[in-house]
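Before any comments, here is the structure.
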Amino acid sequence: MNGAQGTLFDERFLLEYAGPIMRDPKTALVELVANAWDAYATEVTIIWPDSNTSFSISDNGTGMTPDEFEQRWRTLAYDRISHQGK
């Protein structure tokens, strides 16, 4: 699949499909750390916001190429284990 084809998302998609992740900060944080785990990260750094910094999270996981991101983002309920293995 190339980047110009595949599933399209209305601007309301994230709010409807991933509502709790977007509305509940605790759920969002757990999901961000879970994403790092899915990328085989062994270290996750979280910077909490204060008057001089904004929130950020980084990890030492494998990352994704632009094509991998495009394919995974456009696949509803992407199953990492079946596509990438354990």
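Every number here is computed from the coordinates shown, using simple stated rules; none is lab data. Keep in mind the model is a prediction, meaning the values are calculated, not measured. Cβ sites come from the backbone with ideal geometry, for glycine too, and all protein chains shown count toward neighbours.
The table below gives the values:
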{"item": "Dipole moment magnitude, nearest 20 debye, the chain about Cα centre, only Lys, Arg, Asp, Glu C-beta charged", "result": "160 debye"}
{"item": "Cα point-scatterer Debye curve for the chain, base-10 log of I(q)/I(0) at q = 0.10, 0.27 Å⁻¹", "result": "-0.32, -1.35"}
{"item": "When the range 6-46 is reduced to its Cα atoms, the Kirkwood hydrodynamic radius in Å", "result": "11.7 Å"}
{"item": "The chain, helix-only ellipticity at 222 nm - DSSP H runs n ≥ 4, -39,500 (n - 2.57), divided by all residues, nearest 500", "result": "-11000 deg cm²/dmol"}
